[in-house]
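Chemist: Encoded as structure tokens, here's the structure I'll be asking about.
The values are calculated or read from the model by the stated rules, or taken from the named source; none is laboratory data. Not measured: the values here are computed from a predicted model. Counting neighbours? That spans all protein chains shown, and the Cβs are built from the backbone with ideal geometry, glycine included. In case anyone asks, the SASA skips ligands and DNA or RNA and just uses the protein heavy atoms, side chains included. Shrake-Rupley method; radii C 1.70, N 1.55, O 1.52, S 1.80 Å.
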Amino acid sequence: MQFDGNFYSMPPGLPGVQVKVLHRLGKDDLRIATAGRAVIAQHRRAPRGAGQTVRDDGHVIALERAVLASFSDRAPCKNKVRKPPSEAALAEAERLRGQTVAGTPAERVVIDLSHYAAVADRLRSVPPPTKEENPE
């Protein structure tokens, strides 16, 4: 939740809940309450506009627990097997794209070395340093 140029943590599981920030003048803390006045968080107040994030350790632990509880070690889907596409599937994909199918993956790789050759030609044509540039 953002207030006065700073961010303050709230307990997880309250999406869309309207809250009120309660702060008494001269006090160093603020309270966050629901519309029904139930206080759900209390924090030390950061300086106005400091851009600080103030977290309650209990909120961090509760969020970690909620996230970890949502994970499962079960397989995501019994019908789907995650494996790389077969050679037949790759050939069909290339056919659908209108490309010719080469035999092996090594035959499908094309490396254009013309740029490197042009740079090598330029380096070969650079004159050697003169004695003034390279005194030995």
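Chemist: Out of the residues in the range 68-99 that are over 30 Å from GLY13 (Cβ atoms) and polar (S, T, N, Q), which is modelled with the lowest pLDDT?
Modeler: Restricting to residues being over 30 Å from GLY13 (Cβ atoms) and polar (S, T, N, Q), the top hit is GLN99.
Chemist: Hey, another quick one. Looking only at residues that are hydroxyl-bearing (Ser, Thr, Tyr) and part of a strand (DSSP E or B) in the range 2-53, which one is least open to solvent (accessible area, probe 1.4 Å)?
Modeler: If we take residues in the range 2-53 being hydroxyl-bearing (Ser, Thr, Tyr) and part of a strand (DSSP E or B), then TYR8 is least open to solvent (accessible area, probe 1.4 Å).
Chemist: Being under 24 Å from the mean Cα position of the chain (by Cα) and either surrounded by fewer than 14 Cβ atoms within 10 Å (Cβ to Cβ) or closer than 12 Å to ASP4 by Cα (or both) is the filter here; which residues of the range 56-70 pass it?
Modeler: Passing the criteria: ASP57, VAL60, ILE61, GLU64, ARG65, ALA66, VAL67, LEU68, ALA69, SER70.
Chemist: How many of the residues in the range 1-23 are of a type in the set (D, E, K, R) and modelled with pLDDT of 90 or more?
Modeler: Within the range 1-23, residues that are of a type in the set (D, E, K, R) and modelled with pLDDT of 90 or more number 1.
Chemist: Moving on. Does any residue in the range 32-49 that is touching a residue at least 12 places away in the same chain (Cβ under 8 Å) come within less than 6 Å, Cβ to Cβ, of a residue that is among the aromatic types (Phe, Trp, Tyr) and open to solvent by less than 70 Å² (accessible area, probe 1.4 Å) six or more places away or on a different chain, and which pairs are these?
Modeler: HIS43/TYR8
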